[in-house]
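The values are calculated or read from the model by the stated rules, or taken from the named source; none is laboratory data. Bear in mind that the values here come from a model prediction, so they are computed numbers and not experimental data. No Cβ is skipped: glycine too gets one built from the backbone with ideal geometry, and neighbour counts run over all protein chains shown. Just the protein is used for accessible areas: all its heavy atoms, side chains included, with ligands, DNA and RNA removed. Shrake-Rupley method; radii C 1.70, N 1.55, O 1.52, S 1.80 Å.
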Amino acid sequence: MTSGDRALTLISARLLFANGQTTERTVSAVEQLADALGFRATVFPHWGELTVRIDDDTGSRYEIIAVEPVGVDMSKVAATVSVIDKVCAGRMDAEAARSALEAVTRFPPVSVARFALLAAAGAAALGVIFGAAHLLSVVLIALSAGAGACLRRWLAGISRNPFVQPFCAALLAGVVGAIVVRLQLSSVLRLVAVCPCMVLVPGPHFLNGAIDLARARLALGASRIIFPGLITLMICTGLLLGLSLGGVTLPVSGPSLPVPLGYDVIAAGVVVAAYGTFFAMPWRMLPIPILVGMLAHASRWAIISVAGANVETGALVACLMVGTIMTPIADRLRLPFAGLAFASVVSLIPGVFLFRMAGGFVALIALGGKASPDLLVGAIADGTMAILIILAMTFGLILPKMCIEHFYPGFAKLNPRGSSGGFSERNV
């Protein structure tokens, strides 16, 4: 084993772990790459670092890679897996592979224009899904979310703290929402304030954490759950602080407005496209999660509106469908399952309920003994609904994936022919 082989293995592990690939696939890919290079690698993942034990003819050594799994970049994951495929198939030598992966590390982020435009479109589409009844409300949601996306990109250039961007974007959304309410341009649902915050929810990290917990990686899974949990807390704090600056509060247990099937499905497709952009999915791959997401949302709409089921059951059935469809597709396209699957069901996230719950508890603290029992009941109802939907979504996405990988273990193997749905060039 040469130093170049070892460096290739380590950079592959760093790219996969840092950009949203599931832990199981990261470990499997690195071990198969090492086997193709003529030595054995054992990966021990932890939050903040990967420990790789390398065994060859000269003995064993440990390499520690400092890396935090806080990003989701599908292009980098797909390009990395494509290079590993080629090395394992004998179509690329180690030196060329290392050069290719070093180029992958320099992939630029999605352009600011595309990022802001799709953030605006995604937030506006969420507004339609959750009952925004007037064109002006939808336009205001889009403008707020687009401005928040530009703010996030600017902050990314001056701070590496992962909590600053969502907090400031949510604060801006809260301020805009408060102004809109003061001008009497907002409905009682406060969607102008809430929807721009919903596009900030870090769903893939929740999903990767749940997968790790299901596979008994308790420390890593707990860390991966805590990280997006803290981001969600920052979003709630920023939103409520921004609203409070204008003397505005969020209502609890607001009315649910019915949305026609056509609007619901089309809006879901727009939201999927937006999240695909956030996760740096190539344009040519976007139609797949868009179609799956629209199909899932149509099934949810039918289950709730036609069959009379509750919201949690609708989310469970839709996510079971997405998990079953997306597991082989993610394997074929060499994309991280968490990002691909979550993009398809992002329109189901119970962000509205989470934010209303947070607003209700803040109001309870502020009012103290003067708070009405209805306020407490409403806050608990919103929180319970949010938890049940999150559990239904998590269970629905994870169960099919784990069943398929258990009964068909070949899904966890790299493509032996070295050809895959991935790619080696930036194509976004």
- Residue list for the range 192-224, filter: open to solvent by 50 Å² or more (accessible area, probe 1.4 Å) and free of Cβ contacts under 8 Å to residues at least 24 places away in the same chain: L213, A216, L218
- Message: Here's a check for you: in the range 51-71, which residue that is in a loop (DSSP other than H, G, I, E, B) and modelled with pLDDT of 90 or more is surrounded by the most Cβ atoms within 10 Å (Cβ to Cβ)?
- Response: P69
- Task: Mind telling me which of the residues A358, A315, A341, A366 ends up being free of Cβ contacts under 8 Å to residues at least 12 places away in the same chain and either part of a helix (DSSP H, G or I) or closer than 24 Å to A121 by Cα (or both)?
- Result: A366
- Item | Of all residues making up the range 72-108, the number that are farther than 30 Å from F163 by Cβ and not in a helix (DSSP H, G or I) | 5
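Yes or no, residue by residue, for (1) modelled with pLDDT under 90; (2) buried (at least 21 other Cβ atoms within 10 Å of the Cβ); (3) within 22 Å of the chain's Cα centre (by Cα):
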position: I158; (1), (2), (3): no, no, no
position: N161; (1), (2), (3): no, no, yes
position: L171; (1), (2), (3): no, yes, yes
position: V176; (1), (2), (3): no, yes, no
position: I179; (1), (2), (3): no, no, no
position: L183; (1), (2), (3): yes, no, no
position: S186; (1), (2), (3): yes, yes, no
position: R190; (1), (2), (3): yes, yes, no
- For A100: the one exception among (1) touching a residue at least 12 places away in the same chain (Cβ under 8 Å); (2) within 17 Å of F279 (Cβ to Cβ): (2)
- Query: Among the residues of the range 269-299, which ones are touching a residue at least 12 places away in the same chain (Cβ under 8 Å), of a type outside the set (A, V, I, L, M) and open to solvent by 50 Å² or more (accessible area, probe 1.4 Å)?
  - Reply: W283, R284
- Matching residues in the range 180-231 - criterion: being outside any helix (DSSP H, G or I) and of a type in the set (A, V, I, L, M, F, W, C): L183, L185, V188, L189, V199, L200, V201, A216
- Examine the range 121-138 for a residue that is surrounded by fewer than 17 Cβ atoms within 10 Å (Cβ to Cβ), modelled with pLDDT of 90 or more and out of contact with any Asp or Glu (no Cβ under 9 Å at 6 or more places or on another chain), and state whether such a residue exists. no
- What number goes with the only condition from (1) open to solvent by less than 10 Å² (accessible area, probe 1.4 Å); (2) in contact (Cβ under 8 Å) with a residue 24 or more places away in the chain; (3) in contact with a Ser or Thr (Cβ under 9 Å, 6 or more places away or on another chain) that Q21 does not pass? (1)
- Query: Are any residues in the range 9-31 of a type outside the set (G, A, S) and either on the phi > 0 side of the Ramachandran plot or in contact with a helix residue (DSSP H, G or I) (Cβ under 6 Å, 6 or more places away or on another chain) (or both), and if so, which ones?
  - Reply: T9, I11, L15, L16, F17, N19, Q21, T22, T23, T26, V30
- Item | In the range 351-386, the residues that are hydrophobic (A, V, I, L, M, F, W, C), open to solvent by 20 Å² or more (accessible area, probe 1.4 Å), in contact with a helix residue (DSSP H, G or I) (Cβ under 9 Å, 6 or more places away or on another chain) and more than 16 Å from L240 (Cα to Cα) | A371, L375, L376, I380, A381, M385
- G48 under 22 Å from the mean Cα position of the chain (by Cα) and either of a type in the set (G, A, S) or over 29 Å from A156 (Cβ atoms) (or both): yes
